[in-house]
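One structure below.
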Amino acid sequence: MDFATNHLPRRWIAFLDGLGSLLVGGYGCLAAWRTGALALSSFRNGESSAILGWPLWVPQSVMVPGFVLLALVGLHEAARGAAFSVTGTSNGKVDTHAGAVK
């Protein structure tokens, strides 16, 4: 999307990047919550795979930390984008590329 936003001011680009990161963080929260609920439900009901008979809650629960990490990174990047769009600086480290925040 750089071709569509390259002409915008850096603060606007940071705002749009932050908004995208906020959406990613929200998706990570939702996916972690629902996958955790699914794993707990599978554990309580004793669900297993049809062919091998392996418990389904094991691979489902392994996905939860990845979604939590996705949510944390998305929310962190959204906060950085919001800080840059408000103050115009990000700890004094701004890349020369339009809108890129280090």
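The values are calculated or read from the model by the stated rules, or taken from the named source; none is laboratory data. From a predicted model like this one, the values you see are computed outputs, not experimental measurements. Cβ atoms come from the backbone with ideal geometry, glycine included; neighbour counts cover every protein chain shown. Areas reflect the complete protein model, heavy atoms only, side chains present, ligands, DNA and RNA absent. Shrake-Rupley method; radii C 1.70, N 1.55, O 1.52, S 1.80 Å.
Which condition does Ser48 not pass, out of (1) out of contact with any strand residue (DSSP E or B) (no Cβ under 8 Å at 6 or more places or on another chain); (2) open to solvent by less than 70 Å² (accessible area, probe 1.4 Å), if it passes all the others?
(1)
Okay, residues lined up against (1) loosely packed, with under 14 Cβ neighbours inside 10 Å; (2) among the polar types (S, T, N, Q); (3) not in a helix (DSSP H, G or I):
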{"site": "Ala37", "(1), (2), (3)": "yes, no, no"}
{"site": "Leu52", "(1), (2), (3)": "yes, no, yes"}
{"site": "Leu72", "(1), (2), (3)": "no, no, no"}
{"site": "Leu75", "(1), (2), (3)": "no, no, no"}
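Tell me, which residue of segment 54-70 that is assigned to a helix (DSSP H, G or I) and among the aromatic types (Phe, Trp, Tyr) is most open to solvent (accessible area, probe 1.4 Å)?
Only one residue tops the list, namely Trp57.
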